[in-house]
Amino acid sequence: MVATLVKMRWVLTLNALRGSTWALVGTVLGGAAALGGLGALTVGALALGRLGDPQTVSVVLGSLGALLVLCWILLPLLATGLDSSLDPRAVAAWTAPSRRLAQGLLVAGACGASGAATAVVCLLPTLTWLVSGQFLAALLALACAPAALATCVVVSRVVVVWTGISGSRRGQERVALVATVAYLVACLVPTVLGRFLSTSDGVLVGLRTAGQVVSLSPLGWAFAAPGLAATGAPLAGAALALGAWLVPVLLLRPWERVVTRVMTTPSRGSGRSRTYAVPTPEDPGSAGASTPVVLPWSRRLSRFLPGPACAVAARSMRYWRTDPRYLVMAVSAVMLPVFFVVGAAMGWAQAISEAEGLSVSLAAGQAPGLFLMAAPALALMMGWTVHNDLGGDSTALWSHLSAGLPGRQDLLGRAVGALSWQAPVVLVAAVGLCWWTGRWDAAASLVGACLALHGCSLGWSCLASVLMPYETNAPGESPLVSRTSGTIVITALAQTLGVLVILLAAAPVLGVALGAVLSGASPWWGWLVLVVGALWGAGSVAAGTTLGGRRLDRRGSEILTTIRSWPRHSQET
């Protein structure tokens, strides 16, 4: 049965590649990138072995090994359904649950491309310890390599499949969201952390302690055991190596129970149904106190917006609160600019300070003024999140088209729904950065620049969603499920073009704001930038929704046809 499952996995994979040219191209490019990454890791393993400090090598290998196991848990959660051939549900109609089936699914999971790459990575600690001259540790690392691979596969399968049967669709979406956030943090923290290490010796000591704790967790036992042998504790290393082998063995029984439960338990619905009431204009309280009202924010926004735009805005606000795709975009829009800009600004400030013989302080009121750049970057990224909002609706866009909803009010409602949470976040970030850097004199100019940039970003996003819709995840999918229709290049081009257009549109206000901050001009200049920036942003949103609305009125059916051609979107209604 094991050989049959392995063969079935590769037959299904090859058939999928034959059926899609773009999937084949993406696989080739991904394989080339994986080979390049393995080459870089090999070079890093050799360099780490030449350090000559067994304690440092042990901490680095143990913590990175635990991170490898964690990635095996998180990445499948982010791409739910990416490898459904290994899901026990896929074979439930052909065979009964058994121990041989459970073991065969694990072996098939380890025999894929990701398993082969992980096997190579698990062998790299052997190379590191050989280069460092620790032959006993190298022998122990070689013995622990299969245990490390087995731990990755077993832990991943148990967690991923168990989360798929333990709750409703809403619970699975929350799991995917949490996993996405954890993955973003894991990717971004090392980039920024390196900038801060040179500012405080305590940070470095704390990182070393944290690395030791992580490496001694069950996830890192297979990678930490050789380090103990190299640092003068061979018995402890042998005990940890035995524990590394016991982890996958002890998880076999839980995995068998999970397989049995998946194959014998009927699938559940997506959640409980709810009854909604629509209050009448004559009696706003007719819905009753205990019955929820459909889109309550629509009534609250009716004082400022036309009725159709209110409904779209209220629905958009609900999406931002409940749809995992929108939640992931919101988290990414907040985290990416803050991490990258603050990290780059920290490195720049550190270089300038070292040249002048000074030190960089991160205390409140003393942080580098370059940190202020994070607020405009945040405004740009947050406004850009709605640049493919029509595609996010999938084929449900037909409800707007069939109802004759004017395009301008459609896009205006989407912009207001995004503004409802983005504007407060941008303002809080701008004020917080002024407090952190002590540059209260730049507060008005900074807020004005953020308002102009955010308005331009929202305006262009409304227009771009009509002009350049591209494939996105279908409703109900995991937020980061992979797409195979070859739209990655188109997405990159659209986003690059969008950022350039937004910066050009906001350049007049940004230039004046930058000049006011750098020159220390009169405070009145800052207040002038604030007023002009608010008007500039509002005008940009109005222009974007008007122009985009006209285009949407003319080519709405064409956009809907394009959306229906995307994989997994044709079934959405």
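A search for C-beta distances below 7 Å between a residue of the range 219-247 that is under 15 Å from residue 133 (Cα atoms) and any residue that is outside any helix (DSSP H, G or I), counting only pairs 6+ apart in sequence or on different chains, returns 230/134. Residue check: residue 448 meets all listed conditions (1) more than 30 Å from residue 568 (Cα to Cα); (2) touching a Ser or Thr at 6+ places or on another chain (Cβ under 6 Å); (3) surrounded by 24 or more Cβ atoms within 10 Å (Cβ to Cβ) but one, namely (2). Annotation note: Cβ proximity below 8 Å between a residue of the range 553-567 that is outside any helix (DSSP H, G or I) and a residue that is among the acidic types (Asp, Glu) (sequence gap 6+ or interchain) occurs for 566/471; 567/471. Of all residues in the range 401-412, those that are in the same structural domain as residue 557 (by TED's automatic domain parsing) and outside any helix (DSSP H, G or I) have Cβ atoms under 7 Å from Cβ atoms of residues that are surrounded by fewer than 22 Cβ atoms within 10 Å (Cβ to Cβ) and modelled with pLDDT of 90 or more, 6 or more apart or on another chain, in 406/549; 406/553.
The values are calculated or read from the model by the stated rules, or taken from the named source; none is laboratory data. This structure is a prediction, so every number in the text was calculated from the model and none was measured. Here the Cβ is made from the backbone with ideal geometry for all residues, glycine too, and neighbour counts use every protein chain on show.
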